[in-house]
Amino acid sequence: MISLIKAKKSLGQNFLTDHRIAQRIIDAVSPLPADLVIEIGPGTGALTRMLCERSGRVVAVEIDADLVEELRRSTQAENLSIVSADALKLDWEKLIDEECRGVRWTNRSQQPRVRVVANLPYYISTPIIERLLALRRRVFDMTLMLQKEVADRISSGPGSKAYGYLSVMVQYYCVATKLFEVAPSAFTPPPRVRSAVIRLAVREHPAVEVADESKFFALVRASFAQRRKTISNNLKVAAEALEIRGPVESALEAACIDSKRRAETLSVEEFASLCARLGQR
């Protein structure tokens, strides 16, 4: 049986086996018949079969060839497509285009909502999230199972020790909501850490308006380079790389930001204001 497949440590596999948790995730997603759901890392199919029952179309992307074979054997839903691929290397734009064209949706005049559901291995969660954010114009929302620490980093606001570059990056593009935590006992084998389910609702427009997103994120990354240092000291170190012309303190003062503050206390709006002031110098 598919439940007898052993998890591979090299792929960071921990299979969700608690049906109650699977049902909570499905209820949180609340898929509709008009939805195209992309599941990353279906594993043994705990969520896959339930998604197929409620979604218009499900595309399961799995890197493990053994799991792909078993899923194809055990899951015969007509609205399921199983793709054997590495999510970090997959051409997501092409996949979405092909799936949207290849299915006869009820409302032909409207593209289906593309929704992502994933139980992400801890070691690749951040790069996968970055890839998904790059698809933000094509994706409606993402419901992700992550290591609790990562979920906290994403959903935390200014003033929290968990708040950092990842928080700003995700919250710039999405509304992040931590839904619930999951104990190690819900998985086989049990991971050594707690997990959490988080929902990222893609914003129609970014949280703030910036003239150059690459410069904005470079500024944020530099600001968090040394968390114990003040925002002023971090920016002075990165002044050349950020092409800062003139005193950093002057830009901070113009943005109404105390130079002694640390990056973890700045909101997304304050980072945007500072970026604009630095760009004027």
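The values are calculated or read from the model by the stated rules, or taken from the named source; none is laboratory data. As the structure is a computational prediction, the values presented were derived from the model and not from experiment. In this analysis, Cβ positions are derived from the backbone assuming ideal geometry, glycine residues included, and neighbour counts consider all displayed protein chains. For the accessible areas, the whole protein counts, side chains as well, though only heavy atoms, and no ligand, DNA or RNA atoms are used. Shrake-Rupley method; radii C 1.70, N 1.55, O 1.52, S 1.80 Å.
Determine whether residue 219 is over 30 Å from residue 121 (Cβ atoms), in contact with a Cys (Cβ under 9 Å, 6 or more places away or on another chain) and open to solvent by less than 60 Å² (accessible area, probe 1.4 Å). First the steps, then the outcome.
On the way: over 30 Å from residue 121 (Cβ atoms): yes; in contact with a Cys (Cβ under 9 Å, 6 or more places away or on another chain): yes; open to solvent by less than 60 Å² (accessible area, probe 1.4 Å): yes.
Yes.
Of all residues in region 213-228, which are at pLDDT 95 or above and part of a loop (DSSP other than H, G, I, E, B)?
224 - this is the single residue of region 213-228 that is at pLDDT 95 or above and part of a loop (DSSP other than H, G, I, E, B).
With respect to the numbered conditions (1) farther than 29 Å from residue 46 by Cα; (2) surrounded by fewer than 17 Cβ atoms within 10 Å (Cβ to Cβ), which one is the sole condition not fulfilled by residue 175?
(1)
Quick check on my filter: what residues within region 222-246 are of a type outside the set (A, V, I, L, M), without any contact (Cβ under 8 Å) to a residue 40 or more places away in the chain and surrounded by 14 or more Cβ atoms within 10 Å (Cβ to Cβ)?
Taking region 222-246 and keeping what is of a type outside the set (A, V, I, L, M), we get 223-224, 226-230, 232-234, 236, 240, 243, 245-246.
Narrowing further to those that are without any contact (Cβ under 8 Å) to a residue 40 or more places away in the chain: 226, 228-230, 232-234, 236, 240, 243, 245-246.
Hits for region 222-246 are 229, 230, 232, 233, 234, 236.
Six or more apart or on different chains, Cβ atoms under 9 Å: show the pairs whose first residue is in region 133-150 and in contact (Cβ under 8 Å) with a residue 12 or more places away in the chain and more than 27 Å from residue 18 (Cα to Cα) and whose second is open to solvent by less than 50 Å² (accessible area, probe 1.4 Å) and among the hydroxyl-bearing types (Ser, Thr, Tyr).
133/172; 133/173; 136/173
Anything in region 125-145 that is over 30 Å from residue 230 (Cα atoms) and not basic (Lys, Arg)? List them, or say none. It would help to see each step written out before you state the result.
Within region 125-145, the first condition is being over 30 Å from residue 230 (Cα atoms), and the residues that meet it are 128, 131-132, 134-145.
Listed by number, the residues that qualify are 128, 132, 134, 135, 139, 140, 141, 142, 143, 144, 145.
From the set of residues in region 260-281 that are closer than 21 Å to residue 214 by Cα and open to solvent by 60 Å² or more (accessible area, probe 1.4 Å), which is modelled with the highest pLDDT?
Step one: list which residues in region 260-281 are closer than 21 Å to residue 214 by Cα, which gives 263-264, 266-281.
Among the residues that remain, those that are also open to solvent by 60 Å² or more (accessible area, probe 1.4 Å) are: 269, 277, 279-281.
Working: 269: 97, 277: 90, 279: 70, 280: 62, 281: 51.
Among those that are closer than 21 Å to residue 214 by Cα and open to solvent by 60 Å² or more (accessible area, probe 1.4 Å), it is 269.
Looking at 196, 263, which one is more than 21 Å from the chain's Cα centre (by Cα) and either closer than 30 Å to residue 25 by Cα or of a type in the set (A, V, I, L, M, F, W, C) (or both)? Outline the logic, then answer.
Values: 196 fails: more than 21 Å from the chain's Cα centre (by Cα).
The match here is 263.
So, residue 240, is that one under 27 Å from residue 140 (Cα atoms), among the acidic types (Asp, Glu) and in a loop (DSSP other than H, G, I, E, B) or not?
On the way: under 27 Å from residue 140 (Cα atoms): no; among the acidic types (Asp, Glu): yes; in a loop (DSSP other than H, G, I, E, B): yes.
Taking the combined requirement at face value, the residue does not satisfy it.
Would you check which residues across region 21-39 are open to solvent by 30 Å² or more (accessible area, probe 1.4 Å) and either in contact (Cβ under 8 Å) with a residue 40 or more places away in the chain or not in a helix (DSSP H, G or I) (or both) and list them? Steps first, please.
If we filter region 21-39 for residues that are open to solvent by 30 Å² or more (accessible area, probe 1.4 Å), which is where we start, we get 23-24, 27-28, 30, 32-34.
Within region 21-39, 24, 28, 30, 32, 33, 34 meet the criteria.
Being farther than 22 Å from residue 266 by Cα and open to solvent by 20 Å² or more (accessible area, probe 1.4 Å) is the requirement here; does residue 199 meet it? Even if it seems obvious, please write down each step before you answer.
Working: farther than 22 Å from residue 266 by Cα: yes; open to solvent by 20 Å² or more (accessible area, probe 1.4 Å): yes.
Judged against the criteria, residue 199 is a match.
Could you please find all residues in region 41-58 being surrounded by fewer than 23 Cβ atoms within 10 Å (Cβ to Cβ) and under 15 Å from residue 114 (Cβ atoms)?
56
Could you list, in sequence order, the residues of region 61-88 that are over 23 Å from the mean Cα position of the chain (by Cα) and open to solvent by 40 Å² or more (accessible area, probe 1.4 Å)?
65, 66, 69, 70, 72, 73, 74, 76, 78
For the list (1) under 20 Å from residue 95 (Cβ atoms); (2) surrounded by fewer than 16 Cβ atoms within 10 Å (Cβ to Cβ), I need the number of the one condition that residue 132 fails.
Answer for residue 132: the failing condition is (2).
For region 247-259, which positions are in contact with a helix residue (DSSP H, G or I) (Cβ under 7 Å, 6 or more places away or on another chain) and either open to solvent by less than 20 Å² (accessible area, probe 1.4 Å) or assigned to a loop (DSSP other than H, G, I, E, B) (or both)? Please lay out each step first, then the result.
We begin by selecting, within region 247-259, every residue in contact with a helix residue (DSSP H, G or I) (Cβ under 7 Å, 6 or more places away or on another chain); these are 248-249, 251-252, 254-255, 257, 259.
Scanning region 247-259 gives 248, 251, 252, 255, 257, 259.
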